[in-house]
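These notes concern the structure reproduced below.
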Amino acid sequence: MTTPPPSAVAPSSTEFLAAVAARQLAGKTRVFAGVGLPTLAVDLARRTINPGLELVYESGVCGAHPEALAEGIADSVLVSGAEAVISMHALFGYVLQGGHIDVGFLGAAQVDRWGSLNTSIIGDWDKPSVRLPGAGGATEIMPNAGECIVVLRRHDPGALPQRLDFCTSPSPVRVRDEDVRMVPPGHGVSTVITPMAVLRRPEKFGELLISEVHPGLTVQEVKAATGWDIGVAPDVCETARPTQEDVRLLREEIDTVRLYLR
């Protein structure tokens with residue numbers, strides 16, 4: 001019996017999410033990238049649909065051309081060959097707040113219907129069941145990037161709740177409700193990619209809608225796994241599967257040591 005090559009094996013959940021996330025970067029110019037799944041997605045996008053994509057990292061690296069997979073935002077492989085390395089004050093003050101970032105890649109523990117994020121605590125503030133890393137750069141990325149993409153490793157009412165346990169990064173909707181004078185220039189979260197679906201928020205002050213459902217699942221299953229009565233886009237469709245070349249690149253060229261792939 002002949003053993004199939006690694007790239008012929010069905011993609012894992014992480015590979016599926018990375019490939020779907022990479023496709024969101026078609027036609028984009030500059031992305032504020034994080035580590036983990038965003039690292040895989042931006043690398044894959046540059047090797048496939050968007051070779052001219054410019055990578056910006058929170059450590060001040062602009063126009064990164066990493067020769068190996070970065071293990072963190074301050075990894076030396078990001079600095080070597082980069083177009084520029086600037087101070088974090090300059091990065092956030094001039095590049096990000098200046099409106100020069102098309103897409104921000106963010107992670108979160110919870111996302112609500114309007115795209116507000118929780119990356120701080122799970123449970124009660126005084127006695128949380130889980131303490132999380134906090135806002136990091138998302139406080140600036142959310143309001144100032146043209147749009148934000150969030151990748152979640154879970155799709156259940158805990159990750160997509162009716163009400164956040166804590167709001168770390170408010171959406172434009174939540175900001176407007178607090179003070180209309182403080183509405184940010186950015187769209188906020190435009191896309192949430194989960195193990196079940198792709199959710200999109202086409203309107204700056206609108207709600208997330210089910211836009212794509214992953215193969216083997218139904219709209220009803222996605223709705224049942226969401227913490228609110230989520231709407232469905234009129235053109236909802238099935239998510240395109242990763243190509244065999246996507247999987248081969250992720251396994252054999254991008255993350256050969258399985259740093260982020262699971």
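Every number here is computed from the coordinates shown, using simple stated rules; none is lab data. The model shown is predicted, which means the values in this text are computed figures rather than measured ones. Please note: Cβ atoms are built from the backbone with ideal geometry, for glycine as well, and neighbour counts cover all protein chains shown.
Below 8 Å, C-alpha to C-alpha, sequence gap of six or more: please give me the relative contact order for the chain in percent.
19 percent
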Exposure proxy check: Y94, Y260, Y57 ranked by fewest other beta carbons within 10 Å? Y94, Y260, Y57
Return the percentage of antiparallel bridges among DSSP beta bridges fully within the chain, rounded to the nearest 5 %. 45 percent
Where nothing but the Cβ of Lys and Arg (+1) and of Asp and Glu (-1) is charged, how large is the charge dipole of the range 6-253 around its Cα centre, in debye to the nearest 20? 240 debye
If you place +1 on the Cβ of every Lys and Arg and -1 on the Cβ of every Asp and Glu, how big does the dipole about the Cα centre of the range 38-77 come out, in debye to the nearest 20? 180 debye
Per-residue ellipticity at 222 nm attributable to helices in the chain (runs of n ≥ 4 DSSP H, -39500 (n - 2.57) apiece, nearest 500 deg cm²/dmol) works out to -5000 deg cm²/dmol
Assuming a viscosity of 0.692 mPa s and a temperature of 37 °C, what translational diffusion coefficient in µm² per second does Stokes-Einstein assign to the range 6-253, Rh being the Kirkwood radius over Cα pairs? 178 µm²/s
Cα-based Rg / Dmax (Å) for the range 120-179: 12.6, 36
Report Rg (one decimal) and Dmax (nearest whole number) for the range 173-262, counting Cα atoms only, units Å. 17.1, 50
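Neighbouring Cβ atoms within 10 Å as the yardstick, rank C167, C237, C148 fewest first.
Least crowded to most crowded, the residues run C237, C167, C148.
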Fewest-first ordering of M196, M88 by Cβ atoms within 10 Å yields M88, M196
Can you return the lysines within cross-link range of K28? Criterion is Cα-Cα under 25 Å, with same-chain partners fewer than 8 residues away left out. K204
Work from the charge dipole of the chain (Cβ charges, +1 for Lys and Arg, -1 for Asp and Glu, about the Cα centre) and give the residue of P195, W228, M88 farthest towards its positive end. W228
